[in-house]
Amino acid sequence: MNYEIRDISLSPSGEHKIDWVRKNCPLLRNLEEEFSQTKPFQGIRIALSIHLEAKTAYLCKVLAAGGADMYITGSNPLSTQDDVAAALVKSGLKVFAWHGATAEEYERHIRKVLENDVNIIIDDGGDLVNTLHTVFPEKIRFVIGGCEETTTGIIRLAAAEKAGTLKFPMVLVNNADCKHLFDNRYGTGQSVWDGINRTTNLIVAGKTAVVAGYGWCGKGVAMRAKALGAKVIVTEVDPIKAIEAVMDGYEVMPMHEAASRGDFFITVTGCAGVITEADFNEMKDGAILCNAGHFDVEIDMARLREISVRSYEQRQNIMAYEQANGNTLYVLGEGRLVNLACGDGHPAEIMDMSFAIQALSAKYLVEHRDELNEHLIPVPREVDLDVARRKIAYMGIKIDTLSEEQERYLNSSDI
């Protein structure tokens with residue numbers, strides 16, 4: 001079969017969600033119209049693994065409008081929305097994903113996508129690229145290249161390139177200015193607290209939020225916590241980012257010191273073992289823990305389950321873990337991405353920019369397939385600026401342009 005989803009009858013609900021996204025994504029709408037005429041992906045098979053909700057679904061439809069044969073799965077078992085998956089199947093696309101997939105099911109869906117001699121990879125976190133290299137190495141010859149959406153995925157790609165195991169070009173979409181400056185900062189900042197607030201229904205003002213990691217995502221989470229009235233503590237391993245956090249007005253300290261003070265803990269590092277047993281033992285009764293990094297390894301969930309005397313579901317998407325000292329800790333979304341496990345992810349207008357970068361980067365790979373010599377490819381500056389110009393025009397904002405005299409001045413070699 002060309003799909004493996006929960007229930008095709010859910011498609012009407014998914015179609016409504018996708019239609020709402022389409023109305024709020026002018027960049028993708030414009031690309032859909034353009035691609036429908038030019039067909040840049042005619043004859044191209046695209047494998048896509050991104051959080052499968054309505055915004056991702058619309059990106060899939062835009063690529064399909066450009067002629068792509070789409071093979072789609074999710075990038076997190078808890079972020080797939082079954083009605084959206086059904087809507088994509090109803091429109092003729094090939095989808096292998098469902099909400100709450102087991103580890104075995106999740107891996108099977110990844111493999112189903114990659115069985116099809118795909119030419120372009122669009123990845124979120126690196127699972128498609130990793131599985132292709134380790135399970136289907138014979139199919140690498142069909143691949144033109146791919147695009148990576150996340151910081152975590154780029155970390156994995158850089159490690160593979162250093163080890164000499166990466167076998168095809170990957171565009172570093174996350175590093176584009178129109179991606180990380182807006183998606184990572186404003187998108188993550190808003191969607192993380194949306195997920196926390198709708199799941200807990202608790203006040204943030206007057207409480208202490210501990211944000212682990214002060215990259216662009218951490219900056220956004222801390223900024224929104226402060227706007228909601230929280231006192232913010234940042235934990236970091238990078239001294240430069242730590243200084244930045246201090247100068248942005250936050251307290252900075254090691255996690256073990258912050259553990260006894262936090263009411264909310266949000267990990268945003270892309271690393272494993274950020275909150276461990278030693279930290280659990282210091283936390284106050286009722287502390288709420290969640291993760292906004294790609295994988296569910298930032299909070300040591302395995303150890304938390306082992307040391308807890310009892311665990312139970314306190315509320316939908318909230319698991320309670322009673323500790324031997326009598327305190328209860330609460331974990332949102334199983335320690336997976338809280339903004340998608342407990343919410344709808346980033347706002348549509350933000351993902352409009354990120355997914356425009358994705359679509360144009362995929363187009364760049366196809367158009368330059370015979371010229372790509374490097375494995376790690378920055379998003380071309382002209383693509384970044386193209387998206388920015390389109391976005392600012394849709395926002396109704398006008399800016400200055402350089403005169404010829406100013407251009408000559410900036411490009412002069414005179415000292």
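For the range 36-68, which positions are over 25 Å from Trp20 (Cβ atoms), touching a residue at least 60 places away in the same chain (Cβ under 8 Å) and either in a helix (DSSP H, G or I) or under 21 Å from the mean Cα position of the chain (by Cα) (or both)?
Ala47
Return yes when Ile72 is open to solvent by less than 10 Å² (accessible area, probe 1.4 Å), in contact with a Ser or Thr (Cβ under 9 Å, 6 or more places away or on another chain) and assigned to a helix (DSSP H, G or I) and no when it is not.
no
Taking into account only those residues within the range 249-261 that are in contact with a helix residue (DSSP H, G or I) (Cβ under 9 Å, 6 or more places away or on another chain) and closer than 14 Å to Ala209 by Cβ, which is most open to solvent (accessible area, probe 1.4 Å)?
My answer is Glu251.
Would you confirm, using the coordinates I've provided, whether Arg310 is touching a residue at least 40 places away in the same chain (Cβ under 8 Å) and either buried (at least 23 other Cβ atoms within 10 Å of the Cβ) or among the charged types (D, E, K, R) (or both)?
Taking the combined requirement at face value, the residue does not satisfy it.
If a residue has to be surrounded by fewer than 23 Cβ atoms within 10 Å (Cβ to Cβ) and either farther than 25 Å from Ile18 by Cα or among the small types (Gly, Ala, Ser) (or both) to count, how many in the range 349-382 make the cut?
Within the range 349-382, residues that are surrounded by fewer than 23 Cβ atoms within 10 Å (Cβ to Cβ) and either farther than 25 Å from Ile18 by Cα or among the small types (Gly, Ala, Ser) (or both) number 17.
For the range 366-382, which positions are hydrophobic (A, V, I, L, M, F, W, C), part of a loop (DSSP other than H, G, I, E, B) and at pLDDT 95 or above?
Within the range 366-382, just Val379 meets the criteria.
A quick yes/no check of all residues on (1) outside any loop (DSSP other than H, G, I, E, B); (2) among the small types (Gly, Ala, Ser); (3) in contact (Cβ under 8 Å) with a residue 24 or more places away in the chain; (4) in contact with a strand residue (DSSP E or B) (Cβ under 8 Å, 6 or more places away or on another chain):
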position: Leu340; (1), (2), (3), (4): yes, no, yes, no
position: Asp384; (1), (2), (3), (4): yes, no, yes, no
position: Glu407; (1), (2), (3), (4): yes, no, no, no
position: Ser413; (1), (2), (3), (4): no, yes, no, no
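Can you find even one residue in the range 209-224 that is in contact with a strand residue (DSSP E or B) (Cβ under 8 Å, 6 or more places away or on another chain), modelled with pLDDT of 95 or more and open to solvent by 30 Å² or more (accessible area, probe 1.4 Å)?
No - not one qualifying residue is present in the range 209-224.
Only one of (1) assigned to a helix (DSSP H, G or I); (2) more than 22 Å from Phe295 (Cα to Cα); (3) in contact with a helix residue (DSSP H, G or I) (Cβ under 9 Å, 6 or more places away or on another chain); (4) open to solvent by 20 Å² or more (accessible area, probe 1.4 Å) fails for Val246. Which number is that?
The one condition Val246 does not meet is (3).
Write out, first by first residue and then by second, each pair whose Cβ atoms fall under 9 Å of each other, whose residues are 6+ apart or on separate chains, and whose first residue, in the range 229-248, is at positive phi while the second is surrounded by 14 or more Cβ atoms within 10 Å (Cβ to Cβ) and of a type in the set (A, V, I, L, M).
Gly229/Val204
Within the range 228-243, which residues are in a helix (DSSP H, G or I), of a type outside the set (Lys, Arg) and open to solvent by 70 Å² or more (accessible area, probe 1.4 Å)?
Listed by number, the residues that qualify are Pro239, Ile240, Ile243.
Which condition number does Leu304 fail, the rest of (1) aliphatic (A, V, I, L, M); (2) surrounded by 14 or more Cβ atoms within 10 Å (Cβ to Cβ); (3) without any contact (Cβ under 8 Å) to a residue 12 or more places away in the chain being met?
All conditions are met except number (3).
Hey, can you tell me all the residues within the range 249-269 that are more than 25 Å from the chain's Cα centre (by Cα) and part of a helix (DSSP H, G or I)?
Selection gives His256, Glu257, Ala258.
If you go through the range 21-35 one residue at a time, how many are surrounded by fewer than 19 Cβ atoms within 10 Å (Cβ to Cβ), in a helix (DSSP H, G or I) and touching a residue at least 40 places away in the same chain (Cβ under 8 Å)?
Residues flagged as surrounded by fewer than 19 Cβ atoms within 10 Å (Cβ to Cβ), in a helix (DSSP H, G or I) and touching a residue at least 40 places away in the same chain (Cβ under 8 Å) within the range 21-35 amount to 2.
In the range 318-335, which residues are buried (at least 24 other Cβ atoms within 10 Å of the Cβ) and either more than 17 Å from Met283 (Cβ to Cβ) or polar (S, T, N, Q) (or both)?
Gly333
Given (1) closer than 22 Å to Gln81 by Cβ; (2) in a helix (DSSP H, G or I); (3) at pLDDT 95 or above, identify the lone condition not met by Glu306.
(1)
The values are calculated or read from the model by the stated rules, or taken from the named source; none is laboratory data. Quick caveat, the model's predicted, so the values are computed rather than measured. Using ideal geometry, Cβ is built from the backbone for each residue, glycine included, and neighbour counts are taken over all protein chains shown. Each accessible area value is taken on the protein alone, full model and side chains, heavy atoms only, with ligands, DNA and RNA left out. Shrake-Rupley method; radii C 1.70, N 1.55, O 1.52, S 1.80 Å.
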